[in-house]
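Worksheet: one structure, shown below.
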Amino acid sequence: MKKPLTLQVNGQVHELLVEPSETLNSVLRKRLRLSGTKKGCDTGGCGSCTVLLDGKAVYSCMTYALAIDGGKVTTIEGLAKEGVLDPIQQAFVRNGALQCGFCTPGFVMATKALLDAIPEPTEEEVREALVGNLCRCTGYVKIFEAVREAGRELARGRKRNA
Amino acid sequence: MRNPKSNLEQYTVVGQSIPKIDATEKVTGSAQFLIDIELPNMLYGKILRSGYPHARIARINTEKAKRVPGVVAIITAKDTPLIKFGFMKDQLPLKHGKVKSVRDEVAAVAAVDEETAAKALELIEVEYEELPPVFDPYQAMKPDAPIIHEEMKSNTVNLPFNFKHGDVERAFKECYRVVENTFKVNFVTTAALGTMGCIARFDERGDLTVWTNTQAPFEYQKDLGEANGIRGSRIRVIQPKIGGSFGRGMDVYPIDIITVLLAKKTGRPVKIVFNREEEFSASPTRQPCIFRIKTGAKRDGTLLARDAELYMDNGPYVSWGAFDARVMMATVCGLYKVPNVRFNAHVVYTNNPYSGTVRGAGNPQSTFAVESQMDMLADELGIDRLEFRLKNANEPGYITPQGMKITSCKLGECLNAAASRIGWKGRHKAGRNRGIGFASYFHVGGGARVFRSDGCGAIVKIDDFGKVTLITGATEIGTGSDTAMCQIVAEELQIPVENVQIVNDDSSIRPWDVGTHASRTTFIGGNAALLAARKAKQKLLEIAAKVLEEDVTNLEVKNGIVSSKIDSKKTMPYDTIVRRGHFKLSGEIIIAEAFYDPPNEMQDENYRGNISVTYGFGTQAALVEVDRDTGKVSVLRFVSVHDAGSVINPMLAESVVQGGVAMGVGLALTEQLIVEQGRVMNASFADYKLLTSLEAPPIEVQFVESSDDAGPFGAKGVGEAGVIPTAAAIANAIYDAVKVRVTEIPMTPEKILTALEHRQ
């Protein structure tokens, strides 16, 4: 039995009718055609589906859509502003923190949640924050470098604006 | 191909650590992977698997399943042309008569969505008559074992990978010390984040388009055609972004053929994508191996003989993975200088999951055995483990017993660099319960002629806006080969890399290539691109010579401009030259093609021949700490030093090595598919222990200064290198730490504890 759902995704409000069994991942990918959010396991095991829900990183595959009625979701498509990449995205590009790229949207979103909470994390904090995201290509080393560099970059930006 | 022997300082694009050319689309989520592709009117397929390791199919009833609303088609073997496929033509896409593994495909459904297809699968009734299974390669080789393929009369696959050189028996008698062990490598899987999948669509003319994650699109086109009874000329192969592959994409699998069968049956596009559970239980695994190996040396530390007997658990069907035995042979016979060698492999059918080829193609398995023994032998001889390796290290001019000719080789430098970086020399002990271990590798570095051709085609086009397009047969599977090839073209044409785009996702446009394997893409695809760019440049200069009224030999290119070396007024940008070529009588375009096939030799029936024009070498050093109470091993530092020739893009090459090392650490310590009675028991990321951000060690990568005459701008292949010696280096470090030798990977805490107990 479908039920109404209101979601704000990347600043835009969507009113949908969804089945109770539908996950946020399914709503994003199938209904809203936002395919940047990946589905790597559908069981909360790989983090490729990570998005922000009210600013916190969640596995979209483990989140029932109806459970977050009225929520604000940010996906990878919502990060770049007016064609300018977010500093996190820039740092991933610059540091070679990706290869096949399948896990990348999830890593970028998990990093966004981390840096919003801890602006300049230590490597230990980065490792702990990203433990739910798997990468098979890079060995993580360059991802850690990118995340910390993005943190420093954002901190500099804040100082400039302060 | 000759290239200036030097490092890359004279170049402006090659040798630079520029980001991957597709990095921006990958960080914004706009990169399209197979799962992201949706076609109008598309159906979704699901495959029913047997669940029995060995059984006769008595009856299949699909009636109930067909009645599920939204189901469009259900097929079983009887709906198919029963064409056997695979390397030994030993399987059907949908099994008929008998199933030979738990993962065997029995029926397939196409429905309006995945949920409906899954619901229908549950309603398909299949009756089986169970047959006695066999899971152990030793047992399978016994005369009274159940025969898996009755028509073959034996479970030993008819692929004799045997080699002998010198007098091994006599050499062992002359040895001062000999070590003899059995090593075991268990089931592991590629665990790419993007799972296997296929989309198939027949158009109004009856031509087939497939979207696939294959690494070898042209072999795929041929094999998929044969398996479906369709001419290759009527198949178009498109590769979206590939979400990791690691060797998985070397073969055509049942999923590909079934997708095509469903598309044919329904007349609609069909998509099948493995879920994670299917990926763990039904995608190809690395070849599990048992090595019985013996190595001996003289009193002064000179290696005299090595003898290995290999048993490979092939599962019920032969893929390219069986041929990994040849790579293992090359390591047993060629890693370090050993004059007398023997190698015998037994590829054995079992009722386990069927194995494929995975990154390193057998080399991580054989290097684990060979390099573990190097340490054991050094200790027996009372020689420093590093000195022992240095004494026997391969060097330029050396020819392995199989006839592999070593040209550029800096293994000695790699050994010394790794030792110095990890702090080996002059050390007393790495610390309480800490140890250092080394292992080196020897791998093809200039492609490998395992097919009759080892070639790649490339086309370079310069358009009237000065944009350069490289159209290549070579496939990128994430490693950065596309970027490296664009750098090569940009360097040759003296333009920024941003002005080069690459097209290599459509078989109807791209020239032929044998596929991405054997770390060959940057080397061979890069050489092809370089040749094509050189030809395009020549055409550009010839048109410019006419327009500028200057002798072609007086012209040079720089920053996208052709100018005269003797008359500074004669200068013109590429776009103008190209337009001038278009807008004249008998006009010209600038497009050039090249095919590069290296002088690699096809090995003869005795496995002799120089399979690659050049080889890659390197040494890894691990510093580990072993917790004696829990058996847990922590990798504190990891150093990976490589002779990869000149490095086209150091940042990307480093990343590829780091990823390889991480995969190697997983292979060494944590990863294992638990297979019981032929069934994968841990088919999820929660249970299959892939390295996470918490366990990933710091990985220091170093490339020694090197240049290879045959490589594009001196480069050699390095794609697989990182994973090859890692397990051996860690095993050796564990021994150095706590004096226990673990001969089976993964070296789990349980195994370490057991070994520690045995020692006491």
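Values in this text are rule-based calculations from the coordinates and carry no lab data. These numbers come from a predicted model, not from an experiment. Ideal geometry is used to build each Cβ from the backbone, glycine not excepted, and the neighbour counts take in all protein chains shown.
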(request) Please state, rounded to one decimal and in Å, the Kirkwood hydrodynamic radius that region B:155-245 gives when every pair of distinct Cα atoms enters the mean of 1/r. (result) 18.1
(request) Using a cut-off of under 20 Å, list every residue of region A:43-58 whose amide N is near the label point 7 Å from the Cα of A:ALA117 along the Cα-to-beta-carbon line. (result) A:44-58
(message) Need one number: nm distance between label points at A:ASP69 and A:GLU128, each 7 Å from Cα along Cα→Cβ, rounded to one decimal.
(response) 3.6
(request) Provide the FRET efficiency to the nearest 0.05 for the A:THR6-B:GLU705 pair, computing r from the beta carbons and using R0 = 56 Å. (result) 0.35
(request) Go through B:SER372, B:ALA710, B:LEU540 and say which Cα lies farthest out towards the positive end of the charge dipole of chain B; charges sit on Cβ, +1 for Lys and Arg, -1 for Asp and Glu. (result) B:SER372
(request) For the protein assembly as shown, just list the percent of Cα-Cα distances falling in each 10 Å bin from zero outward, please. (result) 2, 12, 21, 25, 21, 13, 5, 1, 0
(message) What are the extents of the Cα atoms of region B:62-190 along their three principal axes, in Å, largest first?
(response) 76, 32, 25
(request) Just need the relative contact order of chain A here, percent rounded to a whole number, with Cα pairs under 8 Å and 6+ apart. (result) 23
(message) Translational diffusion coefficient of region A:87-161 at 4 °C, 1.567 mPa s, Stokes-Einstein with Kirkwood Rh over Cα pairs, in µm²/s as a whole number.
(response) 107
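For region B:1-156, what relative contact order do you get, as a whole percent, if you take Cα pairs closer than 8 Å and at least 6 residues apart?
Computed over region B:1-156, the figure is 28 percent.
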(request) Restrict the search to region B:499-598; then list the chymotrypsin sites (Phe, Trp or Tyr not before Pro) that DSSP places in a loop and that have at most 16 other Cβ atoms within 10 Å of their Cβ. (result) B:TRP512, B:PHE583
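With only alpha-carbon atoms in the gyration tensor, what are the semi-axes of the equivalent ellipsoid for chain B, in Å, largest first?
Values: eigenvalues 340, 296, 97 Å².
Working from the Cα gyration tensor, I get semi-axes of 41, 38, 22 Å.
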(request) Could you pull the Cα extents of region B:540-613 along its three principal axes, largest to smallest, in whole Å? (result) 63, 29, 20
(message) A 32 angstrom limit on the alpha carbon distance is what I want to check against. Which of B:LYS461/B:LYS565; B:LYS26/B:LYS98; B:LYS184/B:LYS429; A:LYS72/B:LYS64 exceed it?
(response) B:LYS26/B:LYS98; A:LYS72/B:LYS64
(request) Over region B:175-269, calculate the relative contact order: mean separation of alpha carbon pairs under 8 Å at least 6 apart, over the residue count, as a percent. (result) 34
(request) With a Förster radius of 30 Å, plug the Cβ-Cβ distance of B:SER233 and B:GLU588 into 1/(1 + (r/R0)^6) and report the FRET value to the nearest 0.05. (result) 0.45
(message) Charges on Cβ only, +1 for Lys and Arg, -1 for Asp and Glu, centred on the Cα centroid of chain B; of B:VAL71, B:PRO133, B:VAL270, which one is farthest towards the dipole's positive end?
(response) B:PRO133
(request) Run the quick spin-label model on B:TRP512 and B:TYR398: label points 7 Å from Cα toward the beta carbon, then report their separation in nm to one decimal. (result) 3.7
(message) So if each residue of separation counts as 0.36 nm, and I subtract the Cα-Cα distance between B:ARG741 and B:LYS173, what length gain in nm does that give?
(response) 201.9 nm
(request) Could you work out how far the C-alpha centroid of region B:7-40 sits from that of region B:322-378, in angstrom? (result) 34
(message) Only four residue types carry charge here, +1 at the Cβ of Lys and Arg and -1 at the Cβ of Asp and Glu. Report the dipole size of region B:148-273 about the Cα centre in Debye, rounded to the nearest 20.
(response) 420
(message) Test of understanding: in a Gaussian network model of chain A with alpha carbons linked when under 10 Å, which of A:ARG33, A:ARG127, A:ARG152 would top the mean-square fluctuation ranking?
(response) A:ARG33
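Note the direction-averaged projected area, equal to a quarter of the hull surface, for the Cα convex hull of region A:3-78, in nm².
4.2
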(request) Subtracting the Cα-Cα distance from 0.36 nm times the residue separation, let me have the gained length for B:ILE674 to B:ASP144 in nm, one decimal. (result) 188.1 nm
(message) Per 0.36 nm of contour for each residue apart, how much would the distance between B:GLU127 and B:LYS64 grow if the chain were fully extended, relative to their Cα-Cα spacing?
(response) 21.2 nm
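Going by how many other beta carbons lie within 10 Å of each one, how would you line up B:SER507, B:SER646, B:SER233, B:SER684, fewest first?
Working: B:SER507 22, B:SER646 25, B:SER233 9, B:SER684 16.
In increasing order of surrounding Cβ atoms, one gets B:SER233, B:SER684, B:SER507, B:SER646.
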(request) For an R0 of 60 angstrom, estimate the FRET efficiency from the Cβ-Cβ distance between B:ASN275 and B:LYS425 and round to the nearest 0.05. (result) 0.70
(request) Evaluate the charge dipole of region A:50-162 about its Cα centre and quote only its size in Debye, nearest 20, assuming +1 on the Cβ of each Lys and Arg and -1 on the Cβ of each Asp and Glu. (result) 280
(request) Return the percentage of antiparallel bridges among DSSP beta bridges fully within the protein assembly as shown, rounded to the nearest 5 %. (result) 80
(request) Would you calculate, for the protein assembly as shown, the mean residue ellipticity at 222 nm contributed by helices, counting each DSSP H stretch of 4 or more residues as -39,500 (n - 2.57) and dividing by all residues, to the nearest 500? (result) -8000 deg cm²/dmol
(request) Just report the Cα centroid separation between region B:473-547 and region B:654-729, whole Å. (result) 28
(message) Can you pull out the trypsin sites (Lys or Arg not before Pro) in region B:416-481 whose DSSP state is coil and whose Cβ has at most 14 other Cβ atoms within 10 Å?
(response) B:LYS425, B:ARG427, B:LYS429, B:ARG432, B:ARG452
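With +1 assigned to the C-beta of every Lys and Arg and -1 to the C-beta of every Asp and Glu, and no other charges, what is the dipole magnitude of chain B about the Cα centre in debye, to the nearest 20?
620
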(request) Please report how far the C-alpha centroid of region B:240-289 lies from that of region A:29-46, rounded to the nearest whole angstrom. (result) 19
(request) For chain B, build the charge dipole from Cβ charges (+1 Lys, Arg; -1 Asp, Glu) around the Cα centre, then report which of B:HIS758, B:ASN499, B:GLN672 sits farthest towards its positive end. (result) B:HIS758
